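Here's the structure, in structure tokens; my notes come after.
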Amino acid sequence: MTGGTVVVLARTGRNFAAGMSGGIAYVYDEDGQFARRCNTSMVALEKVLPHAEQQASVDRAIWHRVGGIAYSDEVLLKKLVADHHSWTGSLRAREILDRWAEARGRFVKVFPHEYRRALGEMQAAEQADATIAKARAAEATARTVAAK
């Protein structure tokens with residue numbers, strides 16, 4: 001997976017995430033044993049934080065992006081589960097949505113180390129480009145004023 005998003009609502013097999021270098025997986029860990037079945041050599045396992053808590057504590061530079069837009073994990077995950085329910089009629093998805101406050105706490109975010117690094121680098125490049133553009137605009141304005 002490169003930059004994609006997957007939501008797993010069922011139990012995973014062992015060695016989940018082996019070789020995972022990009023994208024995000026949200027895994028519903030109903031039995032609390034997912035960490036034992038996950039290959040963590042290339043990924044970190046994180047909590048899915050409530051939207052407000054993520055806004056307050058996590059640098060937006062490393063928020064997962066879909067279509068170029070950065071979403072909090074909770075907002076994106078809940079939308080994906082709701083979409084799955086509406087498209088398939090999944091009873092599992094409906095049960096999760098009906099008790100969202102509790103269910104959100106059972107999801108594990110699988111976040112590849114390489115993807116986290118790449119998101120940070122992309123943000124830094126965007127900021128550098130914006131700074132350069134602003135400097136060029138200021139320079140052009142100064143030249144125009146000086147020419148008058």
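The values are calculated or read from the model by the stated rules, or taken from the named source; none is laboratory data. Just so it is clear, the model here is predicted, and its values are computed rather than measured. Here Cβ is always computed from backbone atoms with ideal geometry, including for glycine, and neighbour counts include all displayed protein chains.
Numerical summary
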read-out: Residue match in region 104-112 (condition: under 22 Å from residue 28 (Cβ atoms), surrounded by 17 or more Cβ atoms within 10 Å (Cβ to Cβ) and at pLDDT below 85); value: no
read-out: Selection status of residue 117, modelled with pLDDT under 75, part of a helix (DSSP H, G or I) and surrounded by 10 or more Cβ atoms within 10 Å (Cβ to Cβ); value: yes
read-out: Breaking point among (1) within 25 Å of residue 102 (Cα to Cα); (2) modelled with pLDDT under 95, for residue 22; value: (1)
